[in-house]
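J.: So that we are looking at the same thing, I have put the structure below in structure tokens.
The values are calculated or read from the model by the stated rules, or taken from the named source; none is laboratory data. In this text, all values refer to a predicted model and were calculated from it rather than measured experimentally. For neighbour counting, all protein chains shown are included, and Cβ atoms are generated from backbone atoms with ideal geometry for every residue, glycine included.
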Amino acid sequence: MNIAKFDKLCGSLPGASFVVQWSDAHVYKVGGKLFAMANRWEGELAFILKTSPLACEILRQQGIASLAPYLTRGNWVRIGNPTMLSDAELASYIRQSYDIVVAKLPKAVRAGLN
């Protein structure tokens, strides 16, 4: 998945907002909370997403992801070689990240997303 596809997918999710932070990172938030980020680290495109504990462990064991820098708690992963996943698989993880973050938002904020 390239940055354009990432931006299109993240931007299409209800209530998603986009901001460029930390130099040139494409950061997506919902309800003011981060759910996905894309940036180049050491010249390579990488994605940071929130996962379930099981997905975090599986992705790490398979060598697809590592713990996200600065977000080492809460099952945040850095997918440093996105070519190890198909666009559909990565899109699924992005949607899961969004859903996990939305589920933790206050009820009134969640109600306003529809």
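J.: Checking the conditions here, which among A38, A88, A55, A108 is assigned to a strand (DSSP E or B), among the small types (G, A, S) and either at pLDDT 90 or above or more than 20 Å from F6 (Cα to Cα) (or both)?
T.: A38
Okay, residues lined up against (1) free of Cβ contacts under 8 Å to residues at least 40 places away in the same chain; (2) buried (at least 18 other Cβ atoms within 10 Å of the Cβ); (3) not β-branched (V, I, T):
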residue: G43; (1), (2), (3): yes, no, yes
residue: Y70; (1), (2), (3): yes, no, yes
residue: S86; (1), (2), (3): yes, no, yes
residue: A91; (1), (2), (3): no, no, yes
residue: V102; (1), (2), (3): no, yes, no
residue: L113; (1), (2), (3): no, no, yes
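J.: Restricting segment 42-52 to residues that are in a strand (DSSP E or B) and under 12 Å from the mean Cα position of the chain (by Cα), which is farthest from L113 (Cα to Cα)?
T.: A46
J.: What's the total number of residues in segment 1-35 that are part of a strand (DSSP E or B) and of a type in the set (F, W, Y)?
T.: 3
J.: Any idea which of (1) of a type in the set (A, V, I, L, M, F, W, C); (2) within 12 Å of the chain's Cα centre (by Cα); (3) modelled with pLDDT of 90 or more is the one A68 doesn't satisfy?
T.: Every condition holds for A68 apart from (3).
J.: Moving on to the next point. For segment 29-41, which positions are surrounded by fewer than 19 Cβ atoms within 10 Å (Cβ to Cβ) and either of a type in the set (D, E) or farther than 22 Å from L113 by Cβ (or both)?
T.: R40, W41
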